Amino acid sequence: METCTKVTKEWLNTQEYREKNFAREKLVINPAKACQPLGALLCALGIEASLPFVHGSQGCAAYFRSTLSRHYREPVAAVSDSMTEDSAVFGGQSNLIEGLKNANALYSPKVIAMFTSCMAEVIGDDINAYLGNAKEQEAIPKDLPVALANTPSFKGSHITGYDTMLKGLIECLAVPRQEGKINDRLYVVPGFDTYTANLREYKRLLKVMEAPFTLLPDQSDVLDAPNLGTYELYPGGTPITEMNEALNAGSFLFAQTYSTPTTRKYLAGKEVPVEVISMPIGIGGTDKFIEAVAKFTGKEVQKEITIERGRSIDAMTDAHQYIHGKKFALFGDPDVLMGVVSFLLEMGGEPVHIVCTNSTPLFKKAMESMLEASPYGQGATLYAGKDLWHLRSLLVTEPVDMLIGDSHGKWAARDANIPLVRIGFPITDRVNLHRYPIIGYSGVINMITMIVNTFLEEVDRNSPEAYFEMMR
Ligand code: SF4
């Protein structure tokens, strides 16, 4: 039995198995993505006194909440109307109405953000009509805003759900755009970003640049709340008053491309100025963010920002020799991958395998042209729509020096005997990483620290006595 397992294990590491693995069409093994409602829930948590409401099964709600809780190590408030077998037969209207009534009575939200799980979508529940009936029956006050998002998980991923919920929240809360009422604010949308430190870094940079801004949504105080001895249900989020004025924004700046297309389209249809950039990771990515903000304010870039940039370049110079020429495999969301790959190329690192389960044709084109434009991107292949079992085959047949991705990558990294640097979502087996930004110039320093020190740790751990040096 043991010999048999050993033979099978060895065969799993062969080129022959890799070909069979890549020929599979009808089975997905450990995809690097979550389902739509999880993204909707994250988005909903970023609005002041907003109560996420899952119209669907309780088990789904438990999955989203526990995944977010494990990543942030914070309680994640959300309710569900707990549809069960009878709802699958008769529809979920009575659950939805009773759920709304209880949610409002128990938790007094300023807005309810309602989204669906698979069950409600499969049976075709009309949440818009049900909501109308709930208000008609006075289950909730007629003026309590309820934002809606259809988030069927048999298509898209968590980034699609985030986008749909964001559009739903703006649609529900914002008053119509009106000439003469246009405000001077830059609405910055971080996209599906699970680093509370990134959100704080956006706010810090915008303050330094003296830009009047609204971060939308903003989960930083909700998912990284201080422990002051008492639990607060709604500890932060984008103020409702600023949500009300969203369509009167001076402009919107989207800091992620692939997690926001629906919201951007909606805003453009309302004649709101919209700009989109890649996630500001690495020097080039951060420069684009700073330029976009400076263009909005019409002010020179502050000396403080120039000095910060210089410090990051110094850190890159100090550490480039440890990354230059090293081979990397990466997996994750499109926006994060664009950013991290661009950073590696800036450092002379060589991406080899890039796995993106929730890839899109636009992302594929953008990633491939970025790789093509760099001498360090020539050996890279983007595996669009592939999963972590494909990634394992790549790592054991075509080895690299490091894997970059979330905690789900630890098995493949162990099988390939390479280190995993955890960047992405979810990170459930290390602490505090979401409290260190990966965006901005300070993000550059943090990523260098994580990647280079991991390599150096490996060198020390595997070093023979004669080469065990004080200096590295
Ligand atoms: S995939 Fe569907 S059934 Fe599964 S947790 Fe997500 S919403 Fe629920």
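Values in this text are rule-based calculations from the coordinates and carry no lab data. Given the structure is predicted, the values throughout are model-derived calculations rather than measurements. When we count neighbours, we look across all protein chains shown, and the Cβ atoms used for this are built from the backbone with ideal geometry, even at glycine.
Mind checking the dipole of the chain: about its Cα centre, +1 per Lys or Arg Cβ, -1 per Asp or Glu Cβ, Debye to the nearest 20? Walk me through the numbers on the way to the answer.
Values: 45 positive and 56 negative charges, 53 e Å.
Dipole magnitude for the chain comes out near 260 debye.
Think of region 295-377 as having a plus end and a minus end, set by charges on the Cβ of Lys, Arg, Asp and Glu; of ALA366, SER312, THR297, THR297 sits farthest toward the positive end of this dipole.
Within the shell defined by Cβ-Cβ distances under 14 Å, the residues around GLY349 carry a net charge of -1, with Lys and Arg each +1 and Asp and Glu each -1.
Our coupling estimate for region 84-93, obtained by passing each phi through the Karplus curve with A = 6.51, B = -1.76, C = 1.60 and θ = phi - 60°, is 10, 4, 5, 5, 5, 8, 9, x, x, 4 Hz, Gly and Pro reported as x.
Contact order, relative form, for region 36-173: 36 percent (alpha carbon pairs under 8 Å, 6 or more residues apart, mean separation divided by residue count). Between THR160, VAL188, CYS172, the Cα set farthest toward the positive side of the dipole of region 41-189 (charges on each charged residue's Cβ, about the Cα centre) is that of VAL188.
Which of LYS155/LYS288; LYS26/LYS386; LYS33/LYS327; LYS167/LYS207; LYS265/LYS288; LYS203/LYS364 have a Cα-Cα distance over 20 Å? Show your work: numbers first, answer last.
Numbers: LYS155/LYS288 32 Å; LYS26/LYS386 12 Å; LYS33/LYS327 24 Å; LYS167/LYS207 26 Å; LYS265/LYS288 22 Å; LYS203/LYS364 30 Å.
In this structure, LYS155/LYS288; LYS33/LYS327; LYS167/LYS207; LYS265/LYS288; LYS203/LYS364 lie more than 20 Å apart at Cα.
Shown here are the Rg and Dmax of the Cα trace of region 90-137, at 10.9, 30 Å.
Grab the DSSP H runs of the chain that are 4 residues or longer, score each as -39,500 (n - 2.57), total them, divide by all residues and round the 222 nm result to the nearest 500 deg cm²/dmol. Walk me through the numbers before you get to the answer.
Working: 20 runs with 229 residues, N = 472.
Helix-only estimate at 222 nm: -15000 deg cm²/dmol.
Provide the three semi-axes, in whole Å and in decreasing order, of the ellipsoid equivalent to region 304-465 as defined by the square roots of 5 times the Cα gyration tensor eigenvalues.
Working: eigenvalues 102, 81, 51 Å².
Taking √(5λ) for each Cα gyration eigenvalue gives 23, 20, 16 Å.
Aspartates and glutamates near LYS270 by alpha-carbon distance under 18 Å, same-chain residues fewer than 8 away left out - which ones? In chain and number order, the partners are ASP163, GLU171, GLU179, ASP184, GLU242, GLU245. For the chain, the longest principal axis of the alpha carbon atoms and the long axis of helix 36-45 meet at an angle near 70°.
In the chain, taking the dipole from charged Cβ atoms about the Cα centre, the farthest positive-side position among LEU106, LEU205, TYR266 is held by TYR266. Treating r as the C-beta distance of LYS181 and ALA129 and R0 as 35 Å, the FRET efficiency rounds to 0.65. Taking label points 7 Å from Cα along the Cα-to-Cβ direction, ALA268 and ALA49 give a separation of 3.6 nm.
The orientation-averaged projected area of the convex hull spanned by the Cα atoms of region 186-302 comes to 8.0 nm². For the chain, taking Cα atoms only, Rg and Dmax work out to 23.4, 80 Å respectively. What angle do you read, to the nearest 10 degrees and between 0 and 90, between the alpha-carbon axis of helix 158-173 and the longest principal axis of the chain? With both axes taken from Cα atoms, the answer is about 30 degrees. A protection proxy built from the mean count of other Cβ atoms within 10 Å ranks the segments 272-283, 21-32, 153-164, most packed first, as 153-164, 272-283, 21-32.
Shown for LYS295, LYS326: other C-beta atoms within 10 Å of each C-beta, ranked fewest to most, produce the order LYS295, LYS326.
Under 8 Å for C-alpha pairs, at least 6 residues apart: give me the relative contact order for the chain, rounded to a whole percent.
Details: 892 pairs, mean separation 78.4, N = 472.
Once divided by the residue count of the chain, the mean separation gives 17 percent.
Helix 388-397 axis versus longest C-alpha principal axis of the chain: approximately 10°, rounded to the nearest ten. Among residues other than GLU48 with Cβ under 11 Å from its Cβ, the summed charge is -2 (Lys and Arg +1, Asp and Glu -1). When the label point is put 7 Å from the Cα of THR449 along its Cα-to-beta-carbon vector, which residues of region 333-357 have a backbone N closer than 16 Å? Answer for this model: none.
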